[in-house]
Amino acid sequence: MAKLWGGRFQKDTDALVNDFNESISFDQRLYQQDIAGSKAHAAMLGECGIIPKEDVTAIHAGLDSILADIEAGKVEFSTDNEDIHMNIETLLTQRIGAAGKRLHTARSRNDQVALDFRMYVREEIGAVVSEILDLQTALTEQAAKYQDAVMPGYTHLQRAQPITFAQHLMAYANMLCRDVTRLEDCKARMNECPLGSGALAGTTYPIDRHMTAAALGFDGPMSNSLDGVSDRDYALELMSALSILMMHLSRFSEEIILWCSWEFKYIELDDAYSTGSSIMPQKKNPDIAELVRGKTGRVYGDLMALLTTMKGLPLAYNKDMQEDKEPVFDAIDTALVCLPVFTGMIRTMTVLPENMRAAANKGFINATDCADYLTKQGVPFRDAYTTVGKLVIYCTETGKTLEELTLEELVKVDKHFGPDVFVALNMENCAGMRRSYGGPAKEETTRQIEAIRKFIAQRRTK
Ligand code: ARG
């Protein structure tokens, strides 16, 4: 079949080459952006007197009918037309004749694909942000219920100091704020229009790049035509932001998996968000969290794939860059499939604060508070630290917790202990009195929950 670019060719493309070269199988999802871009380009060509106004009208009507037919499932794309750009252009010319052939004046597929892909990424960022906001909402709802639920905080996965479940959940909510603002930054930076860069060197036609940029919602045209067709930074930035987002979800998944094990039992996942085993009748598995953790690897892979594709490319366009789309689509699809199911899992989980509280009793997580007590009585912190270390050995030998020691036992080790030490050692107090900014005290988790709610509301009203 004759190619749109077939002018200088005297032979048909080999069938293997045809299949190897095509991208329509995956870039067809850019049809909306391609049509919107072509309409803006045609309108500009008409305004600038480059093509007749009647042609613009015909092109717009033709593109609208193609759009309607694609959405109605009536269009069959063909690999003979290689990609979405040439499929649509061919259809247009079939429908409206010569006017269709004028559409590609002062344009190349290089700036066309750069435009379509950029617009696609821009739109999908909004979709990902919206899903993150839903997850943050679920986190604030759960956190608000468990501001008094004392649990051990960990370092090295060893029980360390008392925190609350609300404080733990809000840590993730805060990470997700950065994921949102990273995506917003990426969107703001990429919002320059490559259309009109041509193949690489602009054009001699009197085009108006500011007009098309404005019509397509960009802040302005990209400043350099070579950069315009060569840049894929925005796709890399998006995948970097998605990789960090997935890393957060993956760490969270790891904790969910631990928390619903019998060893922890801090939470129980809802039946609707768990799976069973084909052989072990008792099993209830956290497959969702495991899959999110697993899928994080493929998003990292998507990022690495495009970084590697781009690293040796000379300016400007190279066909290697057709390999940009599948990883970006995959990374976006993966984030968009993980987020809502993760949110549902969080929203429906049952929290078991009594098990958290029981775990807090073991592991001497109030040891720092014990040392702080002595320090407040005038003992230098390092000495207090050594004293409490000795008490921990004594407790381990006698099978007691710090708060179970009698005042006599305590005073034997350090005379600065008084009866009020038991107030300082009480777990609820240990968590509740950590009022430093960002700490687990109720006032502080309330402040954090309010801040996240405000963050969400500001974006929901946009
Ligand atoms: N399908 C191509 C891509 O995705 C469109 C650009 C083709 N340009 C070219 N000069 N062959 O990269």
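Throughout, read-outs are computed from the coordinates displayed, never taken from laboratory work. If you're wondering where the values come from, they're calculated on a predicted model, not measured in any experiment. Cβ sites come from the backbone with ideal geometry, for glycine too, and all protein chains shown count toward neighbours.
Just a few scattered comments:
- Qualifying residues in region 105-119 (those that are within 12 Å of the ligand (Cβ to nearest atom) and buried (at least 24 other Cβ atoms within 10 Å of the Cβ)) - the one farthest from N191 (Cα to Cα): R107
- Failed item, numbered, when K362 is tested on (1) surrounded by 14 or more Cβ atoms within 10 Å (Cβ to Cβ); (2) in contact with a strand residue (DSSP E or B) (Cβ under 8 Å, 6 or more places away or on another chain); (3) touching a residue at least 12 places away in the same chain (Cβ under 8 Å): (1)
- For region 284-321, filtering for residues that are under 30 Å from L200 (Cβ atoms), away from the ligand (no atom under 16 Å from the Cβ) and hydroxyl-bearing (S, T, Y) leaves 1.
- Filtered residue count, region 268-297, keeping only those that are under 19 Å from V328 (Cβ atoms) and surrounded by 14 or more Cβ atoms within 10 Å (Cβ to Cβ): 2
- Taking every residue in region 141-156 that is assigned to a loop (DSSP other than H, G, I, E, B) and pairing it with any residue that is buried (at least 22 other Cβ atoms within 10 Å of the Cβ) and of a type outside the set (A, V, I, L, M), at least 6 positions away or on another chain, the pairs with Cβ-Cβ distances below 8 Å are Y146/T164; Y146/F165; Q147/T164; Q147/T445; D148/T164; A149/T164; A149/F165.
- Qualifying positions in region 215-258 - aliphatic (A, V, I, L, M), over 11 Å from R118 (Cβ atoms) and free of Cβ contacts under 8 Å to residues at least 40 places away in the same chain: I257, L258
- Helices (runs of 4 or more DSSP H) enclosed by region 369-462 - at least 1 residues per element that are touching an Asp or Glu at 6+ places or on another chain (Cβ under 8 Å) and either touching a residue at least 12 places away in the same chain (Cβ under 8 Å) or among the β-branched types (V, I, T) (or both): 381-398, 421-425, 427-432, 442-460
- Taken over region 184-208, the residue count meeting the criterion of being more than 32 Å from the chain's Cα centre (by Cα) and either surrounded by fewer than 15 Cβ atoms within 10 Å (Cβ to Cβ) or under 28 Å from S240 (Cβ atoms) (or both) is 4.
- Residue in region 331-347 that is under 18 Å from the mean Cα position of the chain (by Cα), of a type in the set (G, A, S), more than 16 Å from the ligand (Cβ to nearest atom) and over 30 Å from A431 (Cβ atoms) present: yes
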